[in-house]
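S.K.: Take this structure first; my questions come after.
The values are calculated or read from the model by the stated rules, or taken from the named source; none is laboratory data. Quantities reported herein were computed from a predicted structural model and do not represent experimental measurements. Positions of Cβ are generated from backbone atoms using ideal geometry, with glycine treated the same way; all protein chains shown enter the neighbour counts. Ligands, DNA and RNA are excluded from the accessible area calculation, which covers all protein heavy atoms including side chains. Shrake-Rupley method; radii C 1.70, N 1.55, O 1.52, S 1.80 Å.
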Amino acid sequence: MDDRQSKIRNFCIIAHIDHGKSTLADRLIEMTGTVSKREMSEQLLDSMDIERERGITIKLTPTRMFYNYNGDEYILNLIDTPGHVDFSYEVSRSLAACEGAILIVDASQGVEAQTIANTYLALDNNLEILPVLNKIDLPSANIEKCKKEIEDIIGLDAQNCPCVSAKDGINIDDVLKQIIEKIPCPKGDENKSLKALIFDSYYDNFKGAICFVRLFDGTVKIGDKIKMMKTEKSYEVTEVGVFCPAMRQTEVLKSGDVGYICASIKNLADTKVGDTITSALNPTSEPLPGYKEVQPVVFSGIFPVDGAKYGDLKDALEKLKLNDASLVFMPETSTALGFGFRCGFLGLLHMEIITERLEREFDLDIITTAPSVSYHVYKTNGEMLEVSNPSMLPPISEIEKIEEPMIKLNVYTPPQYVGAIMNLCQDKRGVFEDMQYLEKTRVVMKYQMPLAEMIYDFFDSLKSRTKGYASLDYEIFGFKQSELVKLDIMLNGETCDALSLITHKDKAYARGRQIAEKLKKVIPRQLFEVPIQACIGGKIIARETVSAMRKDVLAKCYGGDISRKRKLLEKQKAGKKRMRQFGSVELPSEAFISILKTDDDE
Amino acid sequence: MNDRMIYVHIPFCDSKCYYCNFCSFVSNDIVKKKYFEKLIKEIEHNSNKTVKISSIYIGGGTPSCVDEKFIGEILQQIKKSFILKSNAEITIELNPCSTNIKKLKYYKEIGINRVSFGIQSLNNKSLKLIGRKHNSKQAKMAIKIAKKCGFDNISVDVLIGIPKQSFLKLKTTIKKLIKLNVKHLSCYMLINEPNTKLTKMINQKKISVPSEDKCVIFYNKLFKYLKSKKIFRYEISNFCKKGYECIHNIGYWTLKEYYGFGVGAHSFISNQRYSNTENIFDYINCDYNCEKENLSDREKIEEFIMLGLRTKYGINILDLKKMGFDITKEKKDDISFLINNKFITQKDDVIKICENKYGVANQIILKLLP
């Protein structure tokens with residue numbers, strides 16, 4: 001083994017939410033002097049506002065650190081990982097880029113659901129796991145109990161694990177030492193042909209798409225001809241470099257290194273996460289394992305609140321797409337919402353993040369319709385349509401059958417929640433396939449389930465019924481015929497297409513009732529009575545009424561303070577601008593979102 | 001030069017009512033003395049002998065709770081600083097508790113010709129619950145004294161939506177007031193402003209008030225009842241016998257220019273809206289003007305529509321056109337929707353809110369703003 005690679009450690013940090021992942025990352029960066037104290041901002045690696053606020057990591061940010069150990073200088077590459085099931089593919093790719101993982105456990109809380117789920121992910125990728133107890137500064141910290149939990153539940157030796165306080169910077173050195181002692185170094189061959197894993201990519205306005213890579217074999221430098229093994233496209237490298245954590249150009253990247261490659265790549269979609277980069281002249285025969293095509297599974301309409309902002313929305317989506325190749329969108333028209341886009345997402349969180357970024361980074365007010373999946377609709381004339389927008393469903397008389405996407409679902413859980421999960425999956429039209437004890441404390445339950453049920457509120461329900469201990473993964477395996485109907489919502493006698501949804505026949509009544517009740521709560525009283533009706537194929541199955549508004553008047557004496565009167569009115573007017581005019585009914589944008597969340601209140 | 005009006009704010013009260021979030025203070029005599037010195041200075045500072053004053057409104061707070069001599073000095077100063085028209089309407093707000101024959105006689109002598117009593121209700125239980133210090137008997141007595149002292153133009157404030165109110169009780173109050181031959185009624189709906197004692201009590205569920213819907217029902221019934229007694233509505237909150245419309249109020253609604261003197265007072269002069277500081281000590285010790293706002297054309301149109309629609313006179317389409325807003329063209333759909341659903345009427349060139357739809361006036365106004 002060459003000496004150079006023996007001085008490199010590639011690792012990631014995994015943890016349950018709030019156990020201090022980002023804080024520890026910050027301390028490591030600070031301790032190694034990678035970034036001066038002055039430049040440190042809280043949670044350095046979560047650079048997007050949304051990431052910082054929600055305390056989640058969406059985009060991956062690698063960092064290269066230097067650490068002196070026994071007189072030798074080591075390079076430590078930290079690869080941050082996103083933490084949600086929507087991005088589990090990205091997580092698996094960034095784990096695949098490492099040799100080891102630091103597993104943080106909050107010493108005051110012990111092993112939690114996410115701790116276990118993440119450990120399994122890391123073990124699946126053959127990573128060396130280094131447990132670290134954090135928050136030992138808290139009075140409630142119980143180090144011995146935590147160590148025992150790690151040993152009993154996870155089965156890792158925790159006796160010598162570092163006990164730190166990332167917040168107060170206590171014992172951070174121990175972590176660095178153990179990274180070097182315990183995590184294996186890369187074992188690639190720089191003389192072989194290039195083999196680099198893309199674990200993330202992003203778009204830069206000047207440099208084009210930038211690939212974040214881990215080199216397994218070979219080297220890469222400016223001028224090299226490279227090839228993406230999946231897309232088979234070739235490029236000439238214009239820049240290579242490392243993360244400090246800002247990108248810094250270097251001459252060459254060699255096997256074992258983590259860095260970035262720019263090659264005037266115009267389209268982010270050509271730098272697919274999980275793909276292998278090799279040399280165009282001397283390609284490797286085998287790509288790195290594990291590549292998967294990521295496809296959108298959840299679809300939803302996005303419309304500007306102010307119809308005139310359609311162009312702005314289009315620009316914003318195009319810009320986001322540059323940065324997020326998994327986002328797909330196409331124009332859509334709705335009678336209720338005007339012009340907008342049907343967008344495809346990796347999952348519900350992905351959808352939330354995109355909508356939030358549209359609102360924050362682009363300052364747009366948008367309306368999102370209920371998420372839907374893509375159905376295969378077979379017409380009586382033999383034609384097959386792919387329908388992801390409920391309002392595009394043909395009339396019942398023309399439909400031969402409808403097929404919906406099905407998933408194979410694995411739920412991992414401690415055994416005591418098996419009953420609760422079975423109930424939940426049954427509610428969600430899941431078909432039980434198998435259950436296995438992975439070990440005494442962990443069961444995997446396998447189900448077949450319609451994807452549509454999964455995207456609705458399955459994840460939240462699962463978490464709440466298992467106190468957060470269950471985790472899941474799923475993959476789409478095909479389509480299956482199902483008794484599906486279109487549920488329409490009529491407001492003041494007119495069908496509001498943006499509120500339509502496709503649902504299973506047996507659930508239509510309950511959902512129709514729920515939605516009508518929910519809409520009654522969110523639609524403000526208007527100058528006239530507004531009936532809300534839920535119907536299936538013209539048959540009304542639920543009705544609620546928003547009674548007419550009686551009072552909206554300033555009948556108070558404000559003397560000569562007419563400005564105040566006018567300002568109150570202007571405030572009201574601004575509020576109205578956020579409303580959507582549907583026929584003569586004014587709808588707040590919450591009305592469209594609220595139907596997503598009908599189960600919340602119960 | 002057009003006529004202007006004057007509003008004078010007397011921020012003092014003997015006690016703070018539970019629902020009040022106005023600019024008012026319970027203060028000692030030294031503060032009062034200093035305040036009036038500054039007030040006189042402010043009036044003097046604005047002196048303009050070319051300006052004719054068509055109305056003066058002395059409001060509060062409770063102007064009647066201060067030594068009546070102060071009021072005299074203010075009128076004196078106004079007469080010195082401006083040309084007070086001989087037929088000017090001069091109103092003072094009074095509290096039943098703090099009025100007596102001596103004060104009222106004095107007010108009459110110095111030229112005040114309209115009095116407005118803060119009666120709110122003649123139901124003793126309700127009065128107590130909102131922190132008013134007078135009772136029904138004192139209120140009636142005060143009105144009688146005012147009449148004895150020669151005041152004919154008597155106005156009363158009545159609140160809709162106070163604790164324990166039912167329409168019957170409200171009607172009883174109104175009936176008694178009509179019997180006392182008051183000429184003008186201002187009927188306000190109680191607004192539970194944040195941070196008032198009453199709002200806190202409501203939030204803590206110690207007390208309950210009629211619902212908003214009920215208040216509007218009361219209001220609409222009240223309108224009909226008053227009409228049957230030949231007391232007509234001329235603005236959302238204002239009702240009077242023929243010929244007793246408040247000139248000062250109408251001035252506000254027709255965008256007339258006015259000076260506002262005193263703490264927290266507002267002025268409207270040559271398209272500028274001024275507001276004085278709401279901090280009495282700042283007012284006394286520092287400069288009183290704190291904010292100035294130029295009224296844009298659009299804001300002027302907004303105010304014209306907002307204020308006009310609140311009155312029985314409505315808004316004239318041609319006037320709006322002159323201001324640069326062609327409402328019949330710009331708001332065609334909204335107007336026809338509102339007419340078809342009987343929210344407004346359009347006769348000749350005037351748009352008015354239908355009699356029974358004042359309860360949702362804001363919604364209607366919002367639809368018609370540019």
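S.K.: For A:Thr231, what accessible area in Å² do you get when you roll a 1.4 Å probe over the heavy atoms of the protein chains, rounding to the nearest 10?
M.R.: The value for A:Thr231 is about 40 Å².
S.K.: Could you tell me the center-to-center distance, by alpha carbons, between region A:498-534 and region A:156-221 in angstrom?
M.R.: What the calculation gives is 51 Å, centre to centre.
S.K.: Same structure again: Which links in B:Lys85/B:Lys321; A:Lys379/A:Lys521; B:Lys125/B:Lys148; A:Lys254/A:Lys446; A:Lys135/A:Lys321; B:Lys241/B:Lys332 stretch past 31 Å when you go from one Cα to the other?
M.R.: Beyond 31 Å: B:Lys85/B:Lys321; A:Lys379/A:Lys521; A:Lys254/A:Lys446; A:Lys135/A:Lys321; B:Lys241/B:Lys332.
S.K.: Also, quick follow-up: Determine the total buried accessible area between chain A and chain B, counting protein heavy atoms only with a 1.4 Å probe; round to the nearest 100 Å².
M.R.: 3500
S.K.: Now for a different question. What accessible area per residue, rounded to a whole number of Å², is obtained for region A:298-368 using a probe radius of 1.4 Å?
M.R.: Per residue, region A:298-368 has 38 Å² of solvent-accessible surface.
S.K.: Right, something else. With a 1.4 Å probe on protein heavy atoms only, tell me which residues of region B:200-220 lose at least 50 Å² of accessible surface in the complex relative to the chain by itself.
M.R.: The answer is B:Asp213 - residues whose exposure falls by at least 50 Å² when every protein chain is included.
S.K.: Using DSSP, restrict attention to beta bridges with both residues in the protein assembly as shown and report what percent are antiparallel, rounded to the nearest 5.
M.R.: Given both bridge residues lie in the protein assembly as shown, the antiparallel proportion sits at roughly 70 percent.
S.K.: Restricting attention to region A:238-296, which chymotrypsin sites (Phe, Trp or Tyr not before Pro) occupy a DSSP loop and are surrounded by at most 15 other Cβ atoms within 10 Å?
M.R.: none
S.K.: Here's a follow-up. Could you go through region B:240-246 in sequence order and give the Karplus-derived ³J(HN,Hα) for each residue, using 6.51 cos²θ - 1.76 cosθ + 1.60 with θ = phi - 60°, rounded to whole Hz, and x for Gly and Pro?
M.R.: Along region B:240-246, the couplings run 7, 6, 3, x, 10, 4, 7 Hz.
S.K.: What distance in nm separates the simple spin-label points at B:Glu278 and A:Glu293, each placed 7 Å from Cα in the Cβ direction?
M.R.: About 6.4 nm separates the two model spin labels.
S.K.: With an 8 Å cut-off on Cα pairs and a minimum separation of 6 or more residues, tell me the relative contact order of chain A in percent.
M.R.: 9 percent.
S.K.: So who's got an amide H within less than 5 Å of the one on A:Val328, skipping anything under 5 residues away but keeping other chains? H placed 1.01 Å off N, in plane.
M.R.: A:Gly344
S.K.: Would you mind getting the accessible area per residue of region B:301-356, heavy atoms of the protein chains only, 1.4 Å probe, in Å²?
M.R.: Value returned for region B:301-356: 52 Å² of accessible area per residue.
S.K.: Still on this structure, please answer the following. At what distance in angstrom do the alpha carbon centres of region B:92-143 and region B:266-337 lie from each other?
M.R.: After rounding, the separation between the Cα centres reads 32 Å.
S.K.: Then there's this: Would you mind counting up the charge near A:Ala516? Only other residues with Cβ under 9 Å from its Cβ, with Lys and Arg at +1 and Asp and Glu at -1.
M.R.: It works out to a net charge of +2.
S.K.: Report the Cα centroid-to-centroid distance between region B:9-73 and region B:180-249 in angstrom, as an integer.
M.R.: 25
S.K.: Next question, about the same structure. Quick check: at a probe of 1.4 Å, how many percent of the accessible area of region B:1-136 sits on carbon and sulfur atoms?
M.R.: 49
S.K.: Moving on to the next point. Could you pull out every residue, at least 5 positions away or on a different chain, whose amide H is within less than 5 Å of the one on A:Leu527? Hs are placed 1.01 Å off N in the peptide plane, and Pro or chain starts have none.
M.R.: Counting only residues 5 or more places away or on other chains, the set is A:Met549.
S.K.: Note every residue of region B:250-274 with a reduction of at least 20 square angstrom in accessible area, all protein chains present versus the isolated chain, computed with a 1.4 Å probe, or write none.
M.R.: Residues shielded by partner chains are B:Tyr252, B:Tyr258, B:His266, B:Arg273.
S.K.: Ok, one more. Mind listing which trypsin sites (Lys or Arg not before Pro) in region A:495-527 are in a DSSP loop and have 10 or fewer other Cβ atoms within 10 Å?
M.R.: For trypsin sites (Lys or Arg not before Pro) across region A:495-527 that sit outside H, G, I, E and B with at most 10 neighbouring Cβ atoms in 10 Å, the list is empty.
S.K.: Would you work out the relative contact order for region A:195-279, in percent, from Cα pairs under 8 angstrom that are 6 or more residues apart?
M.R.: 42
S.K.: Roll a 1.4 Å probe over the protein chains and send me the accessible area per residue for region A:485-597 in Å².
M.R.: Accessible surface, normalised per residue, equals 41 Å².
S.K.: Select from region A:389-498 those trypsin sites (Lys or Arg not before Pro) which occupy a DSSP coil region and have at most 13 other Cβ atoms within 10 Å, ordered by residue number.
M.R.: A:Lys440, A:Lys467
S.K.: Per the 1.4 Å probe, what fraction of the accessible area of region A:376-482, in percent, lies on carbon and sulfur atoms?
M.R.: 50
S.K.: Could you order A:Asp174, A:Asp124 by accessible surface area, starting with the largest, using a probe radius of 1.4 Å?
M.R.: A:Asp124, A:Asp174
S.K.: Of the DSSP beta bridges with both residues in region B:4-253, give the percent that are antiparallel, rounding to the nearest 5.
M.R.: 15
S.K.: For the protein assembly as shown, what number results from the quotient of the Cα radius of gyration and 2.2 N^0.38 Å?
M.R.: 1.24
S.K.: At what distance in nm do the modelled label points of B:Asn341 and B:Glu109 sit from each other, each positioned 7 Å from its Cα along Cα→Cβ?
M.R.: In this crude spin-label approximation the distance works out to 5.9 nm.
S.K.: Just to be sure I understand the interface: list residues from region B:332-370 that lose 20 Å² or more of accessible area between the chain on its own and the complete protein assembly, 1.4 Å probe.
M.R.: At a threshold of 20 Å² (probe 1.4 Å), the residues of region B:332-370 that become less exposed are B:Phe337, B:Phe343, B:Gly359, B:Val360, B:Asn362, B:Gln363, B:Leu366, B:Lys367, B:Leu369.
S.K.: Carbon and sulfur together cover what percent of the accessible area of region B:229-350 at a 1.4 Å probe radius?
M.R.: Carbon with sulfur: 47 percent of the solvent-accessible area.
S.K.: I've got another one for you. With the contact rule set at Cα under 8 Å and sequence spacing of 6 or more, what percent relative contact order holds for region A:376-482?
M.R.: Contact order relative to length: 35 percent.
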